[in-house]
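Step one of this worksheet: look at the structure below.
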């Protein structure tokens with residue numbers, strides 16, 4: 001009985017720890033999104049320089065990642081040759097910088113709630129690009145699911161009270177770049193047996209992003225910042241320091257969440273976070289959320305849930321097939337050994353006779 005209580009207590013402890021990781025990730029992701037919106041929105045902090053903000057994040061994350069990897073030895077760096085870095089990390093870094101730049105820019109033009117609705121298109125983009133790069137198999141059922149997500153998002157966009165075409169283009173561009181980055185990670189790194197956790201990802205990718213972002217910064221934002229250096233573009237070190245620290249902490253929480261739970265848990269947590277952001281955007285920021293918005297996002301939400309469920313079932317089927325294959329190999333090996341043993345016994349009996 002004591003043993004049963006011990007097992008039950010251990011299971012309860014694991015559940016509590018898992019939910020704690022989920023809560024931390026939701027809180028930090030929620031905080032970073034609202035914080036970025038606060039800084040970039042012209043009606044709030046009024047610092048509409050998304051490239052500069054993203055560069056601050058990348059510079060901060062690069063510095064801390066260097067300390068954690070090289071100085072404190074918190075994680076070990078991976079074997080990274082110059083050729084591999086140029087052929088794999090640089091393209092991924094370029095796409096990541098574009099994704100961050102475009103997504104942060106969208107906060108200037110769109111509400112937080114509508115941006116979360118547009119982000120529901122991520123599975124559509126990842127699947128479509130995966131099919132294009134032959135990482136995914138085209139299936140009519142899955143494509144129908146993708147159409148369902150797209151229709152839901154289109155309805156939500158139709159019902160958006162403050163629709164801004166340029167903001168939508170920026171956010172859709174961010175989704176496209178991020179989806180391409182995720183697919184390229186599978187092609188350029190994972191297929192070569194290289195796995196980067198969030199800290200080593202920042203260690204290798206963040207400096208690359210910083211360099212890429214410096215190009216649009218010099219061309220677009222530096223002249224504006226220089227012109228406003230007389231006082232209309234004040235830089236608050238406390239605000240931007242806290243914002244950068246939150247962005248870095250979010251990456252660490254991803255490391256904990258994925259490492260200690262599962263990808264499915266993260267997907268479910270992401271859905272909870274999206275609904276919380278929509279509710280916060282409506283009730284606190286006072287963004288207008290229409291009934292058509294909610295109906296459209298509800299359709300997209302159900303389609304995304306079905307897609308995640310189908311992926312989970314597919315993963316379970318592959319795992320079961322893998323175990324069955326291993327079992328068949330083990331049975332075959334045992335039968336082969338048994339035949340050898342029987343043959344050996346038969347020879348021994350013949351020699352004794």
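Each value in this text was obtained by applying a stated rule to the coordinates, not by laboratory testing. All values reported here derive from a predicted model rather than from experimental measurement. Counting neighbours? That spans all protein chains shown, and the Cβs are built from the backbone with ideal geometry, glycine included.
Enumerate the residues in segment 78-94 having an amide nitrogen under 19 Å from the point lying 7 Å beyond the Cα of residue 135 toward its Cβ.
Taking a point 7 Å out along Cα→Cβ of residue 135, the residues of segment 78-94 whose backbone N falls under 19 Å are 84-94.
Sorted from fewest to most neighbouring beta carbons within 10 Å, what does the list 309, 57 look like?
309, 57
For the residues 82, 181, 288, what sequence is obtained by ranking on other C-beta atoms within 10 Å, fewest first?
The most exposed by this proxy come first: 82, 288, 181.
Using only the Cα atoms of segment 127-270, build the gyration tensor, take square roots of its eigenvalues as a ≥ b ≥ c, and label the shape rounded, prolate or oblate: rounded if a/c is under 1.5, else prolate if a/b is larger than b/c, else oblate.
oblate
What does the C-alpha gyration tensor say about the overall shape of segment 116-167? Classify as rounded when a/c is under 1.5, otherwise prolate if a/b is larger than b/c, or oblate.
Here segment 116-167 falls in the prolate category.
Using a Förster distance of 45 Å, how high is the FRET efficiency between residue 46 and residue 15, based on the Cβ-Cβ distance and rounded to 0.05?
Efficiency for this residue pair is about 0.55.
By count of other Cβ within 10 Å, fewest leading, how are 274, 164, 236 ordered?
Ranked by crowding around the Cβ, least crowded first: 236, 164, 274.
Quick check: from the Cα gyration tensor, does segment 1-153 come out rounded (a/c under 1.5), prolate or oblate?
rounded
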